[in-house]
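Here's the structure, in structure tokens; my notes come after.
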Amino acid sequence: MNPTFSSFERNLYGAVGRHPFLCVFLICLMLTPFCWGAESNITPDAVTFAAVGTFAAAALIFIRLSFKGTADRGFCLAAVVLCGVICVLFFGIFNRVPFKGIIIFILLVLGLLIFYIFSAVSEKRSPDSGGKTLRRRRISFFIIALSFAVRLLYILTTSVYTRQNDVHSFGGDDGHAAYIEYYLFNKRLPDFDVREVWQFYHPPLHHIICAFWIDIFENVFGADHNMARESLQMLTLFYSAACVILVYRILRYFRLNGKALYLPLAVFGLHPSFILLSGSINNDILSLLFTFAAVLAVLRWRREPTAVNICAAALAVGLGMMTKLSAGLAAPAVAALFIIEIIRRRREFKKYIGQYFLFGIICVPLALWWEIRNFVMFKVPINYIPKMDKNVLQYIGDIPYGRRLTDFSAYQFSSVFEQWNSRGSYCEFNPTIALMKNSLFGESLYEVDFPQAFLPVLKIFFIVGNTLALLSVLFGIVMLFFRIRGLDLSIKAFFTVFCAVYIVNFYIFCRNFPFTCTENFRYIAPTLLVGVLSLGVLIRRTAAENASVPERVLSRLTVILSALFCVLSLAVYITLSCWIDYSV
């Protein structure tokens, strides 16, 4: 590889690697005035500014490459002229077409492909200066950027009111939207019993951040009232993209590389649940972000038991519970790891007890101040969850819970979408089948959201996705009983307790609240992290040189299923984003 371009790539990945969350946040922030979270909000002036800015950036890059000797000056001049022509054509065509979201997506993907191909070709010409590290960063960067592009496409073509959970509407009296506007207009905590208004019982961190976001854009920068609220999806886009970065760091913590890194990362980055959550303005996605941050911080503390790492873990757990109380479901896994580590390192008992005390001092007040406040002021139970009316159509409590768990009748698989009485069908009652369906399609999608000719693809996606999920679960159980590099007792205990708590809590929740809406994958979404990690470990272990023939076959099957899952997920959610808005 040309050493100058190699140096440019290393500097790029180094800068992004040192401050990935800041980089993604700034990108989301800069995109906000361009689109305000919806393609319908893109104005001609915004397009002009974007075209000029893109041309200026491209020109500066090629001029710099020319003067540094990375590329021929004639080539750079031609490239600058070509960029100018493309920008002019883009400006002329873009404002005349309605489907702006897919055009932006195509341009982003083309840009990524051109950059990747140029890098790969340059490396082949001079392989000695590339290196495995640079290649790993390049491929990982491409996967993370592609997942961002898919999320952006989904958000641009999806209203802030579409496929939401308990958001209701801005200007309304309840729901997450009203909760956000309460902080926007009142600038104080509720001075009434939070049980009186639907969804106001949630801890306030996410809603306060959303109110601040709207306030800044609407009252400081003069954004339109509706645009400022629609732009909240740019904030949740950042949260979802940050989850992918955290998962990448967790996978790298276990020294996964090659296919064992790229495929699990791509499966997570392109997983439908996190594409859908990227456009959801309730508190789920921020809670998940803090949960993954807590996992990474705890793992780092285990490797380097410093006060800084224990404080990071405490902040992540505390802020997660300050966003949504269910983020505390990660706490038992953290406690299990702490107990094992203090037993293993009992000679440093005083040091570890001091760090655990520091963890509690930081975490507990952040996690529980809201619940304690409401209990003291209004006698609201600490673990309060509002009851639902049994007279609603989605009530399934008349079906015995044992039957709900064990009934796998064939008719429940006649559609890959979650069923509701409101659609003229039955209400999904088996929580396991519901997970199989809404983990891939959410609870709001069904046949009319896709072209009729595309429905067979959805069935293939359903089979592939659930086969891959089953494979990851089975290997996750099996690997508990074998010695695997990087997975010692404390790590295995951590992830076992982590998954067990979320899964057991989910089924108890479905029993105590017998409604179809409770059977949602978002309640156990953190377990997807463990699923992709087990896939990575499986690929690494079965692809080793000393692996047996059955293990190699299993490795290839996992690789094929993972790659097929990613391709199908892209096809499904690109089709969804295009079809809903433009098919009449």
For Leu487, are the conditions met, namely being more than 17 Å from Pro431 (Cβ to Cβ) and either modelled with pLDDT under 95 or not assigned by TED's automatic domain parsing to the domain that holds Ser562 (or both)?
yes
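Can you find, within region 524-573, the residue that is modelled with the lowest pLDDT among those that are of a type in the set (D, E, K, R) and surrounded by fewer than 16 Cβ atoms within 10 Å (Cβ to Cβ)?
If we take residues in region 524-573 being of a type in the set (D, E, K, R) and surrounded by fewer than 16 Cβ atoms within 10 Å (Cβ to Cβ), then Glu545 is modelled with the lowest pLDDT.
Take the residues in region 167-186 that are in a loop (DSSP other than H, G, I, E, B) and in contact with an Asp or Glu (Cβ under 7 Å, 6 or more places away or on another chain), then tell me which one is nearest to Asn282 (Cα to Cα). Lay out the reasoning, then the answer.
Of region 167-186, the ones in a loop (DSSP other than H, G, I, E, B) are 167-174.
Checking which are in contact with an Asp or Glu (Cβ under 7 Å, 6 or more places away or on another chain) leaves us with 168, 170.
Details: His168: 10, Phe170: 13 Å.
The selected residue is His168.
Results for (1) touching a residue at least 40 places away in the same chain (Cβ under 8 Å); (2) farther than 30 Å from Leu337 by Cβ, shown as yes or no for each residue.
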residue	(1), (2)
Phe450	yes, yes
Leu480	no, no
Arg483	no, no
Asp488	no, no
Asn505	yes, no
Asn512	no, no
Phe515	yes, yes
Arg522	yes, no
Val537	yes, no
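One line per residue, one yes/no per condition, for (1) assigned to a helix (DSSP H, G or I); (2) farther than 27 Å from Phe200 by Cα; (3) not assigned by TED's automatic domain parsing to the domain that holds Cys517:
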site	(1), (2), (3)
Leu368	yes, no, yes
Glu371	yes, no, yes
Leu393	no, no, yes
Gly397	no, no, yes
Tyr411	yes, yes, no
Val416	no, yes, no
Ser422	yes, no, no
Leu440	yes, yes, no
Residue list for region 475-488, restricted to those being exposed (fewer than 12 other Cβ atoms within 10 Å of the Cβ) and more than 26 Å from the chain's Cα centre (by Cα)
Phe481, Phe482, Arg483, Arg485
Matching residues in region 444-460 - criterion: being crowded, with 17+ Cβ neighbours inside 10 Å and touching a Ser or Thr at 6+ places or on another chain (Cβ under 7 Å)
Phe450
With the condition kept exactly as written, say whether any residue in region 209-218 is assigned to a loop (DSSP other than H, G, I, E, B) and either of a type in the set (A, V, I, L, M, F, W, C) or at pLDDT 95 or above (or both).
no
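The values are calculated or read from the model by the stated rules, or taken from the named source; none is laboratory data. Owing to the predicted nature of the structure, the values given are computational and were not obtained by experimental measurement. Cβ coordinates were reconstructed from backbone atoms using ideal geometry, including for glycine residues, and neighbour counts include every protein chain displayed.
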